[in-house]
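Contents: one structure, followed by commentary.
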Amino acid sequence: MLSIRKSLLRRTILTLAAAAVSISMLAGSAAYAGVDPHTSYVGNNVDTPVQTKTVKDYWAIAMDKPVDDESMGGGVVASGENKLFLIQGGQLLAVQTTTGKKLWSFGSSLKTTVVYESGHVYVVSNSGVLYAVDAASGKKLWTSAVPSKGTSQLYVNGKQLYALNGDIQAYQVSDGSFLWRDDYKEPLPGPLLFAGERIFASNIESGAYSYEVLHAFNQETGKEAWQKMNKSFPIAVENDTIIVQRQQTIIDKGMLVTLDTLGIEDGKAIKSVDYNPENIDLDKEEFYSPGTAWISGNQVYIAVGMKVYAYPRNEVPAEAVKQTYLSPAAGDVRYALGPFEGRL
């Protein structure tokens with residue numbers, strides 16, 4: 001499945017076609033149980049229009065736009081049981097995937113964030129009331145007594161439903177009873193990642209300078225278990241560890257891509273790996289942007305300027321044979337998308 005950069009998707013999708021069903025699968029809650037699929041991009045694919053061939057749709061249906069221009073939320077569309085679930089005119093709508101036939105509708109004044117999980121669809125109203133709806137019939141299963149005003153994202157993980165509105169609020173999926181609100185005082189924009197007994201989130205804090213902070217919360221209580229400065233949102237989960245990219249700041253001018261492996265439970269640093277794909281001489285350079293790393297399958301990808309480098313995931317970088325994409329010989333290449341089925 002080739003995902004499309006979310007900011008571009010927000011601006012261009014006004015109708016939903018059956019031909020785009022594969023995109024809608026990203027909106028299901030399963031994508032949030034682990035690291036989201038990654039699409040690299042090189043060049044400006046937001047502000048410059050790109051002319052593409054129009055694909056004729058099998059069917060189309062109008063839907064409300066996302067609640068938050070900075071986030072796709074829990075999903076503008078959710079899928080399950082051969083149905084798509086979306087918000088149209090403030091109502092939750094179920095349509096048949098293959099034909100677009102409307103099967104049932106529910107509620108009013110609902111916001112565009114939808115999650116499907118195990119036969120239930122979860123939505124939130126403009127006033128912050130959460131609803132669980134039977135996916136087969138469209139009948140209401142429960143209404144939350146404690147609202148989550150300003151919710152932009154919903155997640156289901158295990159027996160809990162999470163609403164993100166700057167805070168993380170947890171509810172019991174069985175009856176909607178309120179469980180806890182996180183104890184961190186600053187707003188958390190999302191997304192969330194669930195691994196082990198932890199919920200991971202990150203935000204930017206400012207003082208003498210701005211820096212990213214990675215937070216780990218206890219799933220059962222909402223209490224912050226640990227936090228790490230200058231660490232990215234996790235790019236991979238491996239057993240009882242996460243992998244994050246060390247962030248560069250005006251104080252810590254780390255010039256190489258550095259991936260740190262941290263323990264999920266306590267945040268303890270287990271190992272660090274440096275990547276130097278452009279063979280930078282650190283004794284001669286005063287400042288160098290290390291690029292952005294992500295992991296897919298058995299490869300570590302690093303985007304630097306107009307190039308993307310790939311390393312075998314479990315080999316020593318200095319000894320490994322790296323692949324280079326978008327060399328100068330490639331000519332005027334504006335975008336790099338991937339990985340997809342072993343290709344960029």
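Just so you know, all these numbers are worked out from the coordinates, no wet-lab data involved. Predicted model, so just to flag it, every value in this text is computed and none were measured. Reconstructed Cβ throughout: ideal geometry from the backbone, glycine too, with neighbour counts over all protein chains shown.
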| Rg and Dmax of region 215-260, Cα atoms, in Å? | 12.6, 38
| field | Amide H within-cut-off set for VAL115, under 5 Å, with H built and near neighbours excluded | value | TYR122
| remark: Contour minus Cα-Cα span, LYS253 to LYS53, at 0.36 nm per residue, comes to 67.6 nm
| request: Quickly rank 205-218, 279-292, 139-152, 161-174 as a protection proxy: mean count of other C-beta atoms within 10 Å, highest first. | output: 161-174, 139-152, 205-218, 279-292
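Below 14 angstrom from the Cβ of TYR309, what's the summed charge of the other residues (Lys, Arg +1; Asp, Glu -1)? If you can, show how the numbers build up before the last one.
On the way: positive: LYS307, ARG313, LYS322; negative: ASP274, GLU278, GLU315.
After counting each charged neighbour, the total is 0.
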| field | Net charge, ALA195 excluded, C-beta distance under 11 Å - Lys, Arg +1, Asp, Glu -1 | value | -3
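Quick one: net charge of ASP134's neighbours, Cβ under 13 Å, K/R +1, D/E -1? Intermediate results must be reported in sequence, preceding the final value.
Working: positive: LYS83, LYS139, LYS140; negative: GLU81, GLU117.
Neighbour charge sum, excluding ASP134 itself: +1.
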